[in-house]
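Visitor: Sharing a structure, written as structure tokens. Questions coming.
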């Protein structure tokens, strides 16, 4: 009895202050090991399924290549050789769309974020309200009354300018930088499915459905709030004095941004770039609406596997490996960077 | 801009620099966020009619919403409601009392405040309270015997259930990794990976893993005699599989953020508390939790915002089935769009927007601001 009590005490008492007891350490590593397994096993399963023959899948589970079953490259051959271009095209589409939209979002977003930390904006509340009212009127007129959109837009613009001149001075309530920032970030709350129907119709009118351009611009707009939010925090940490001295030397605003500020913020730019790139790479819903064949991206190709001939796990797994491998490699190599992109805003609270 | 002096355009650009910096972002958001939101509202109030060579839109007022909330599509959006049992009724009453108490406390504490601010706060809280109680009643009555949840209830289950589980798991893992352990770098990288995987891929992966006949867990299912169990045909089993996939992907996000917060926590605070003889629970309650609460609030807010958009997992994992048991609101809207019901689709989207905005702003104002000590 006493021996047992002594053992229990030894197991549950830390050897040093602030350390872990042997039992605590054992349980901690057990839990962490378990979750590591949970994280890795689905990825492992996809990887080995891509080397399985249909028979290996259909006759029940086999777990370890070379032990349980002989791996085969038939699925890889089918995807790369037999399907060839049908795989390659969506892959290139995804690469182009993800890179271009991320670059666009980063450019537009970081300029705006920079401006919000350095320039004091004042927007009249009356102007914003008036603008929204007229925009709503234009939309209703165009969609429901069939007024040509250019006519409605021109009339509304004229009205806007006229009314602003006439009333602008009367209303003194103004919105400042914080309000603009909040507005930009809060756009993220808008569910894509609400915005996508009008965007679809807009691109249909412009004849841009199923093109790279439509996806690039839409993705850039959707990810813009994240860029503004994260980059503003990075810019806020850059001391203003450097810019001031450059200003005194006669450098213009753009010169300062391009040659001083952006290079100083490159760690933040890299983190944000990676984060937005991954979001664009994995995006599904908007692509589902805006691309059908020519501009089809990888998530659509993967999702579409189901419909054609029932689940053929081996082919599907190859495609998923192709999609996941680059980001996983990126994640392992640049984990700290990407995590920073995810966390800057969150940790600041 | 080089050489003798700025060109004409260079000078023009410099002069308007402040405007040029911000307008591209504003225009992009106007075109892809504000304009679509307004246009979508118009669509939600109209009906699509196919005519030879195209389509026309006719104004129908609130009929799309009426159909979804009270009419022929009610079962799809809200679900089939059944009378509440005594337990559910008691639960709802308890919640209502708590909400009322909260409102009373707000009024009592706000006695001295300016009436306008008080009124605004009261209106916001009343809206949040009404929505909360209505949704609670809906969840209870669609889950009562004879009821069946619709896409709104399913979405709420995904959001509230998923975010709660992800938060607790992520918090637990962060606390474990923050202990003095070996291999922290390894765990950090491994736990991070699921966040990178495309949701479509996750959906297929979990369809494979959850296969009771051919998946890796088949021997276990067989041992329990469940190899013929078709989870895809059982509403709650299917929903749980969707939530497992979502949790697998998003727990890392909570974990990483909370770990970062824990690592910035000053060591001497913890040491001091420990020397004073604080046990692990007291340490967490009075030292660690207050330090990480602001980050926790922000993490939950971000997760709430993103969780309402869930669509890839249910669409690929279960196709929204059995029936529409795993359909989220986004998927519901997509399916309505595919069946040419443009107005219905926009109306579902708007209901999602309303619920998401009220939930997220309520959380921000009622919980997050308190956690940040404002």
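The values are calculated or read from the model by the stated rules, or taken from the named source; none is laboratory data. Remember, predicted model here, so these are calculated numbers, not experimental data. Heads up, the Cβs are rebuilt from the backbone with ideal geometry, glycines too, and the neighbour counts pull from every protein chain shown.
Visitor: Looking at B:336, B:273, B:278, which one is within 30 Å of residue A:299 (Cβ to Cβ) and more than 19 Å from the chain's Cα centre (by Cα)?
Guide: Testing whether each residue is within 30 Å of residue A:299 (Cβ to Cβ) and more than 19 Å from the chain's Cα centre (by Cα) leaves just B:336.
Visitor: Tell me which residues, restricted to the stretch B:17-30, are crowded, with 16+ Cβ neighbours inside 10 Å and facing another protein chain (nearest Cβ under 7 Å).
Guide: The answer is B:17, B:21, B:22, B:24, B:25, B:28, B:29.
Visitor: Let me ask another. Please work out if residue A:101 is in the same structural domain as residue A:223 (by TED's automatic domain parsing) and at pLDDT 95 or above.
Guide: yes
Visitor: So in the stretch A:52-72, with the set limited to residues that are more than 8 Å from chain B (Cβ to nearest Cβ) and touching a residue at least 60 places away in the same chain (Cβ under 8 Å), which one is nearest to residue B:191 (Cα to Cα)?
Guide: Taking the candidates together, the pick is A:52.
Visitor: Just one of (1) buried (at least 24 other Cβ atoms within 10 Å of the Cβ); (2) at the interface with another protein chain (Cβ under 10 Å from one of its Cβ atoms) trips up residue B:347, so point out which.
Guide: Among (1) buried (at least 24 other Cβ atoms within 10 Å of the Cβ); (2) at the interface with another protein chain (Cβ under 10 Å from one of its Cβ atoms), residue B:347 violates only (2).
Visitor: Related question: Can residue B:314 be described as surrounded by fewer than 17 Cβ atoms within 10 Å (Cβ to Cβ), at pLDDT 85 or above and more than 10 Å from chain A (Cβ to nearest Cβ)?
Guide: No.
Visitor: Is there any pair linking a residue in the stretch B:92-107 that is touching a residue at least 40 places away in the same chain (Cβ under 8 Å) to one that is surrounded by 10 or more Cβ atoms within 10 Å (Cβ to Cβ) and not in a helix (DSSP H, G or I), with Cβ under 9 Å and at least six apart or on different chains, and which?
Guide: Matching pairs, first to second residue: B:92/B:84.
Visitor: Restricting attention to the stretch B:48-67, and to residues there that are away from chain A (no Cβ under 11 Å) and in a strand (DSSP E or B), which single residue is farthest from residue A:194 (Cα to Cα)?
Guide: That would be B:51.
Visitor: Here are A:130, A:167: which of them is surrounded by 12 or more Cβ atoms within 10 Å (Cβ to Cβ) and at pLDDT 85 or above?
Guide: A:130
Visitor: Mind checking which residues of the stretch A:198-225 are surrounded by fewer than 23 Cβ atoms within 10 Å (Cβ to Cβ), in contact (Cβ under 8 Å) with a residue 24 or more places away in the chain and at the interface with another protein chain (Cβ under 8 Å from one of its Cβ atoms)?
Guide: Residue satisfying the conditions is A:217 alone.
Visitor: Tell me the helices (runs of 4 or more DSSP H) entirely within the stretch A:288-349 that contain at least 2 residues that are facing another protein chain (nearest Cβ under 8 Å) and modelled with pLDDT of 90 or more.
Guide: A:298-309, A:313-333
Visitor: Of all residues in the stretch A:27-75, how many are in a helix (DSSP H, G or I) and modelled with pLDDT under 90?
Guide: The total comes to 7.
Visitor: I would also like to ask the following. Would you point out which residue out of B:303, B:374 is more than 9 Å from every other protein chain (Cβ to nearest Cβ), farther than 18 Å from residue B:149 by Cα and modelled with pLDDT of 90 or more?
Guide: Unique residue meeting the criteria: B:303.
Visitor: Still on this model: Can you list the helices (runs of 4 or more DSSP H) found entirely within the stretch B:275-374 that contain at least 2 residues being more than 29 Å from residue B:55 (Cα to Cα)?
Guide: Here the list reads B:280-283, B:289-307, B:312-317, B:342-362.
Visitor: Same structure again: Quick test of your reading of the structure: residue B:343 fulfils all but one of (1) modelled with pLDDT of 85 or more; (2) farther than 30 Å from residue A:198 by Cβ; (3) in contact with a helix residue (DSSP H, G or I) (Cβ under 6 Å, 6 or more places away or on another chain). Name the failing condition by number.
Guide: Exception for residue B:343: condition (2).
Visitor: Restricting attention to the stretch B:193-210, does a residue exist that is farther than 15 Å from residue A:339 by Cβ and more than 9 Å from chain A (Cβ to nearest Cβ)?
Guide: Yes, there is a match, as at least one residue in the stretch B:193-210 is farther than 15 Å from residue A:339 by Cβ and more than 9 Å from chain A (Cβ to nearest Cβ).
Visitor: Also, quick follow-up: For the stretch A:217-243, which residues satisfy the criterion of being modelled with pLDDT under 85 and either part of a helix (DSSP H, G or I) or within 17 Å of residue B:10 (Cα to Cα) (or both)?
Guide: Correct list: A:233, A:234, A:236, A:240, A:241, A:242, A:243.
Visitor: Regarding residue B:218, is this residue crowded, with 18+ Cβ neighbours inside 10 Å and at the interface with chain A (Cβ under 7 Å from one of its Cβ atoms)?
Guide: Taking the combined requirement at face value, the residue does not satisfy it.
Visitor: Separate question: Looking only at the stretch B:254-268, how many residues end up being in contact with a helix residue (DSSP H, G or I) (Cβ under 6 Å, 6 or more places away or on another chain) and either free of Cβ contacts under 8 Å to residues at least 40 places away in the same chain or within 8 Å of chain A (Cβ to nearest Cβ) (or both)?
Guide: Total meeting the criteria: 5.
Visitor: For the stretch A:82-119, name all the residues that are at the interface with chain B (Cβ under 9 Å from one of its Cβ atoms) and either farther than 26 Å from residue A:231 by Cβ or in contact with a helix residue (DSSP H, G or I) (Cβ under 7 Å, 6 or more places away or on another chain) (or both).
Guide: Hits for the stretch A:82-119 are A:104, A:105, A:108, A:109, A:111, A:112, A:113, A:114, A:115, A:116, A:119.
Visitor: Test each condition in (1) at the interface with another protein chain (Cβ under 7 Å from one of its Cβ atoms); (2) touching a residue at least 24 places away in the same chain (Cβ under 8 Å) for residue B:251 and report the one that comes out false.
Guide: (1)
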